[in-house]
Structure formats: structure tokens, C-alpha cells
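Peer 1: Mind looking over this structure? Questions follow.
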Amino acid sequence: MYHNQSEKYKKLYGELQPVDIDKYMLIIGAREVEEIKRLASLLKNKTWCHVNSTFEGGGVAEMLKSVVPIANGLGINCRWYCIEGSDNFYSITKRFHNIIQGLDQKFTIEDLLETYLETNRKNFENERIIADMTVVHDPQPCASIVHGNYEGKLIWRCHIDTSEANEMIWNFLLPYINNYDGTIFSQRSFVKQGIKKPVYQIAPAIDPLSAKNHQRSEREGFEILAHFWSKYRIDPERPLILAVSRYDVHKNQDTIIKAFKKLKKDKSIRKLKPVLVIVGNLATDDPEGMEMYRKIQNVADNDPDIHTLLNIENNDEYIGALMRVAKIFIHISTKEGFGLVVTEALWQGTPVIGSNVGGITLQVINGKTGFLVEPHNVSSIVTFMRYLLTNPDEREKLGYNAIEYIRENFLITTLVKKYLILMRFLLGIDFPYFKI
Ligand code: UDP
């Protein structure tokens, strides 16, 4: 088990300086900052822990690296623990993830007992987590509730869409889930039957002050990317269509490529010469990434207008800048818990073509912040690509709406605020909390 004093964490995030909530004043306003401080005032010196399965890669790590310093800045003692597992453990939990999101994949009784449960047990053999509130994220460490030496209020936070989870795996997880004091889901529709404890709703969010998400001008974006363009031999003058995500079967990157190849054949587009950039990384708890990356490269088939990039350097600055200068961001997952990349792109004022799936529909408001499509409907994807590429005024209008929509709904300060409300409720300071 790693925690946020471990060398691994420090190497990634430095010395963990608490962040002062006042820094967000210009973005969310003084009243909101005061409200967050008020909520935190009775939680000073209380302990709040997070347990997940990776410090790096994917949306959960992305959020925790902001939530933990903000909470510490508010005077709460916030810690982040990360379980350790073998490659086999991550391969099994990745299969769980896929099966829970509706894919048909196999697992054995040994996978469950010898690897999944045993890894959960081992991680807590010499650990005792005593906290006023502990949030355990996703299925990987879910079973630690019975093996873990936890003390205090315990919440299981599910970031994925469990609504169509395979019955067998869901029935296996349910007794563990029902051992928690409550659960958090991003959306009501993600909750599958059988949960006997209170279910709370908190949507994911992005940190507007992070290196990736701080808002920059278009010119700054192009400047940041100077080396990027030359390294990958991309002409910055050409209109950019961008996709960013892990290389994963649910992210449906092959359909993006198919749609782009079709778009290129369109006469009205030929002159514009758009370029498609797909950026992706590998999460340490996701062993399928490399294989998926190769598959996507094969689909791209050395097309000079398509760039499939893996683990780019200067990740955060480049991704933020790419999202700022892109004409279109595309994210057409077949399943999506939330899709932080959509939030990030909208916050940079870039309209999104998104699939009408899961958390994407909370963010892409058809005709207001972007356009929704069926994940495999190539011709409607091409139609919206063409429409956005050829209508700069419309892009600007959607981009403006997008920034305001994210400010209202999906910034990290809202997420922290909701956690504080929940913590106060669990500790008996306030009641009631809005359950779903
Ligand atoms: N991400 C990144 N570099 C990459 C690909 C993704 O930093 O090459 C980040 C992305 O910006 C986002 C997170 O990883 O913050 C992915 O979160 P999301 O909710 O979109 O998907 P998940 O990986 O959790 O399914």
C-alpha cells in the first residue's frame, strides 16, 4: 500500500503543499469560496481518507491530486492511499471493470478468491486506516472493507456505469458494497439494484487551476505547442480535431478514425485539410492499454493526416493547450462513467462531439455545448465534424456556452463542497443529505 507520504506519491506530486481555496476566488466568486470555508470550519482537524488503485492515469487520480491538497488547505487532514497489486490483479480488475460496464468477458473462481480478495487482504495486513470519513474508489479496493482495518465512516465511490453490470459479478460485489455506510454514484441511472445502503450523487469535476486546465489564450496555446508541432510534424495552420483518452475498448477510438477518413473524402472539406490527433496514455491499473494502442495504430494505417500518440511528454500543458487550439474535440465512448476529458475540453471553450452515453450526456448539451451522436453512427459524426469545421461563429458560440456550463456545474470546488456537505452529514453536524 502506498500513501501520500510515500516516495512514489512525492515523485509525482511533490511535497503535497496544501492549496488555499482563496486561489479559486476569481473563477467561482467570493460567495462560493466563503460557503466552502463555512462548511469546512467544523471539519478542521478531522481526517478524510481516499483509497484507490493508482496514483497516475485516469480520472480518479486526476481528481484526487486536486481534492487532497484543497482539503488540506481547508484545515482537514486529508490522505490518499493507493493499493498495490500484481499485473494479474490489474488484469482481473480490468476485466471486472469491463464486465461491470456490460462486456462479456470471463473470470474464474481463482481470479476472485486467490487474486482479487487476496490482494485486498494483503494490502491491509499491516495497515489500519482510522479516519472520520474514508472514500474507497471503484471495484479494485472495494473488498478491502471486510479485510481492511478501517475505523470511521466508510463510503464506496463508484465512478463507472454499473447499470448493466453482469449479474454474477454484481452479486459477488454486493455484500462488500453493502458493508459500507453508503455509496456515491455520478448519476442516478448508473445504480444497479441491490444496494441496501444510502446512495449519494456527486458528479466528477476538474481543477481549473491545474497545469492542464488553467485557461489560456489561443496564442498562448499555440506557443506552448511549438515543440509539439515540430516533433510530430503537424502543421499548426491546419484545423485540429482532437481526441484524448486512455487506449481502451470502450473509448471507441477506431470509430473516430473511420469517421475522419470518411470526412477527408468530402469535397467541401478538402481545402481545409483537417488533421486528427489522438492522444492517449496507459494507466498503471490498466494492462490492456498497449494492445489497444497497437490496434488503433493499425486502424489509422499510417494515414499522414492522423496522429495516434502515446504517453506524450509535458502531458498536462500539451493536453490543455491542444484542447484550447482544437476546432473540435471528439469523445464517442460506448460506455462512459463521466468523461473528464469532455469537461476539460469544454472548459477550454472547444465544442465537443460526444456520444449519447453515460456522463457525456450530462456535459454535451445538444446544440448548446456540442453535439450528441450514437457512438457508432459514422455518418452523423461526419456531419457534425463538417458543420463545426465550416462554421467558426457556431464554434465560438458553443465554446462560450461550454465554459459557463462547466463553471456552473463541474469544477473541483463544487465537488469538494459536496464532499464536505456529505462529511458533515455523516458526522452528525448537519442533516439531511440529499440521497438518490
Ligand atoms: N489523460 C492524460 N493524458 C492522456 C490521456 C488522458 O492526462 O494521454 C487524462 C485526461 O486529461 C483526463 C483523464 O486522464 O483527466 C481521463 O479521465 P476520463 O474521466 O476522461 O477517463 P477514464 O480514464 O477515467 O476512463
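Peer 1: Scan the stretch 84-116 for residues that are open to solvent by less than 20 Å² (accessible area, probe 1.4 Å) and basic (Lys, Arg) and jot them down.
Peer 2: LYS94
Peer 1: May I ask you to say which residue of ILE421, ILE360 is within 18 Å of the chain's Cα centre (by Cα) and in contact (Cβ under 8 Å) with a residue 24 or more places away in the chain?
Peer 2: Numbers: ILE421 fails: within 18 Å of the chain's Cα centre (by Cα).
Only one candidate passes the filter, namely ILE360.
Peer 1: Considering each of TYR232, TYR200 in turn, give the residue that is over 26 Å from ILE403 (Cβ atoms) and within 14 Å of the ligand (Cβ to nearest atom). Break it down stepwise before answering.
Peer 2: On the way: TYR200 fails: within 14 Å of the ligand (Cβ to nearest atom).
So the residue among TYR232, TYR200 that is over 26 Å from ILE403 (Cβ atoms) and within 14 Å of the ligand (Cβ to nearest atom) is TYR232.
Peer 1: Go through the stretch 371-420 and give me each residue that's of a type in the set (A, V, I, L, M) and over 22 Å from TYR24 (Cβ atoms). Break it down into steps so the answer makes sense when it comes.
Peer 2: Start the filter on the stretch 371-420 by keeping residues that are of a type in the set (A, V, I, L, M), which leaves 372-373, 378, 381-382, 385, 388-389, 398, 402-403, 406, 411-412, 415-416, 420.
Selection gives LEU372, VAL373, VAL378, ILE381, VAL382, MET385, LEU388, LEU389, LEU398.
Residues are listed down the side, and each one gets a yes or a no for (1) in contact with a Leu (Cβ under 6 Å, 6 or more places away or on another chain); (2) of a type in the set (Lys, Arg); (3) over 25 Å from LEU282 (Cβ atoms):
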position	(1), (2), (3)
ARG216	no, yes, yes
ARG219	no, yes, yes
PHE228	no, no, no
ARG233	no, yes, no
GLU237	no, no, yes
LEU240	no, no, no
ARG246	no, yes, no
GLN253	no, no, no
ILE256	no, no, no
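Peer 1: Output the residue which, of all residues in the stretch 184-202 that are in contact with a strand residue (DSSP E or B) (Cβ under 9 Å, 6 or more places away or on another chain) and part of a loop (DSSP other than H, G, I, E, B), is surrounded by the most Cβ atoms within 10 Å (Cβ to Cβ). Outline the logic, then answer.
Peer 2: The first filter runs over the stretch 184-202 and keeps only residues in contact with a strand residue (DSSP E or B) (Cβ under 9 Å, 6 or more places away or on another chain), leaving 184-188, 190-191, 195, 197-202.
From what's left, part of a loop (DSSP other than H, G, I, E, B): 186-187, 191, 195, 197-198, 202.
Numbers: SER186: 22, GLN187: 17, VAL191: 18, ILE195: 19, LYS197: 16, PRO198: 17, ILE202: 18.
This residue is SER186.
Peer 1: Could you check the stretch 33-67 and list, in sequence order, the residues that are within 16 Å of the ligand (Cβ to nearest atom) and either touching a His at 6+ places or on another chain (Cβ under 8 Å) or within 15 Å of LYS418 (Cα to Cα) (or both)? I'd like the intermediate steps shown before the answer.
Peer 2: The first filter runs over the stretch 33-67 and keeps only residues within 16 Å of the ligand (Cβ to nearest atom), leaving 50, 52-67.
The answer is HIS50, ASN52, SER53, GLY59, VAL60, MET63, LEU64, SER66, VAL67.
Peer 1: Only residues that are open to solvent by 30 Å² or more (accessible area, probe 1.4 Å), hydrophobic (A, V, I, L, M, F, W, C) and either within 30 Å of ASN149 (Cβ to Cβ) or touching a helix residue (DSSP H, G or I) at 6+ places or on another chain (Cβ under 9 Å) (or both): list them for the stretch 17-29, please.
Peer 2: Passing the criteria: VAL19, MET25, ILE27, ILE28.
Peer 1: In the stretch 242-259, which residues are hydrophobic (A, V, I, L, M, F, W, C) and within 16 Å of the ligand (Cβ to nearest atom)?
Peer 2: Initial filter on the stretch 242-259 (hydrophobic (A, V, I, L, M, F, W, C)): 242-244, 249, 256-257, 259.
Scanning the stretch 242-259 gives LEU242, ALA243, VAL244, VAL249, ILE256.
Peer 1: Please state which one of TYR2, TYR13 is open to solvent by 10 Å² or more (accessible area, probe 1.4 Å), aromatic (Phe, Trp, Tyr), in contact (Cβ under 8 Å) with a residue 60 or more places away in the chain and in contact with a helix residue (DSSP H, G or I) (Cβ under 8 Å, 6 or more places away or on another chain).
Peer 2: Details: TYR13 fails: in contact (Cβ under 8 Å) with a residue 60 or more places away in the chain.
The match here is TYR2.
Peer 1: Look at TYR400 and say whether it is in contact with an Asp or Glu (Cβ under 8 Å, 6 or more places away or on another chain) and either within 16 Å of the ligand (Cβ to nearest atom) or free of Cβ contacts under 8 Å to residues at least 60 places away in the same chain (or both). Spell out how you get there, then give the answer.
Peer 2: Values: in contact with an Asp or Glu (Cβ under 8 Å, 6 or more places away or on another chain): no; either within 16 Å of the ligand (Cβ to nearest atom) or free of Cβ contacts under 8 Å to residues at least 60 places away in the same chain (or both): yes.
In short, no.
Peer 1: On to the next question. Which residues, taken from the stretch 327-348, are under 21 Å from ILE224 (Cβ atoms), open to solvent by 10 Å² or more (accessible area, probe 1.4 Å) and out of contact with any Lys or Arg (no Cβ under 7 Å at 6 or more places or on another chain)?
Peer 2: LEU340, VAL341, listed by residue number.
Peer 1: Answer yes if at least one residue in the stretch 109-131 is on the phi > 0 side of the Ramachandran plot, more than 16 Å from the ligand (Cβ to nearest atom) and modelled with pLDDT of 90 or more, and no otherwise.
Peer 2: Step one: list which residues in the stretch 109-131 are on the phi > 0 side of the Ramachandran plot, which gives none.
No: zero hits.
Peer 1: Can you run down the residue pairs with Cβ atoms below 7 Å, 6 or more apart or on separate chains, where the first is in the stretch 62-83 and open to solvent by 20 Å² or more (accessible area, probe 1.4 Å) and the partner is part of a strand (DSSP E or B) and polar (S, T, N, Q)?
Peer 2: Close Cβ pairs satisfying both conditions: ASN77/THR47.
Peer 1: May I pose another question? GLY428: at positive phi and modelled with pLDDT under 95, yes or no? Walk me through how you get there before you give the answer.
Peer 2: Details: at positive phi: yes; modelled with pLDDT under 95: yes.
So GLY428 passes the test.
Peer 1: For residues that are more than 16 Å from the ligand (Cβ to nearest atom) and either open to solvent by 60 Å² or more (accessible area, probe 1.4 Å) or at pLDDT below 95 (or both), tally how many sit in the stretch 203-225. It would help to see each step written out before you state the result.
Peer 2: Step one: filter the stretch 203-225 for residues more than 16 Å from the ligand (Cβ to nearest atom), giving 217-220, 222-223.
Imposing the further condition that a residue be either open to solvent by 60 Å² or more (accessible area, probe 1.4 Å) or at pLDDT below 95 (or both) reduces the set to 218-220, 222-223.
Total meeting the criteria: 5.
Peer 1: Could you check MET385 against (1) in contact (Cβ under 8 Å) with a residue 60 or more places away in the chain; (2) under 27 Å from LEU209 (Cα atoms) and say which number it fails?
Peer 2: Single failed check for MET385: (2).
Peer 1: Something else about it: Does at least one position in the stretch 400-407 carry a residue that is open to solvent by less than 10 Å² (accessible area, probe 1.4 Å), in contact with a Leu (Cβ under 9 Å, 6 or more places away or on another chain) and not basic (Lys, Arg)? Steps first, please.
Peer 2: At the first step, the residues of the stretch 400-407 found to be open to solvent by less than 10 Å² (accessible area, probe 1.4 Å) are 402, 406.
Then keep just the ones that are in contact with a Leu (Cβ under 9 Å, 6 or more places away or on another chain); that gives 402, 406.
With the extra rule that they be not basic (Lys, Arg), the set shrinks to 402, 406.
The answer is yes; a qualifying residue exists.
Peer 1: Which one is least open to solvent (accessible area, probe 1.4 Å) among residues in the stretch 262-282 that are away from the ligand (no atom under 16 Å from the Cβ) and touching an Asp or Glu at 6+ places or on another chain (Cβ under 7 Å)?
Peer 2: Checked the stretch 262-282; the qualifying residue least open to solvent (accessible area, probe 1.4 Å) is VAL275.
The values are calculated or read from the model by the stated rules, or taken from the named source; none is laboratory data. Keep in mind it's a predicted model, so treat the numbers as computed, not measured. Glycine gets a Cβ as well: all are built from the backbone with ideal geometry, and neighbour counts include every protein chain shown. Side chains included, ligands, DNA and RNA excluded: accessible areas come from the protein's heavy atoms. Shrake-Rupley method; radii C 1.70, N 1.55, O 1.52, S 1.80 Å.
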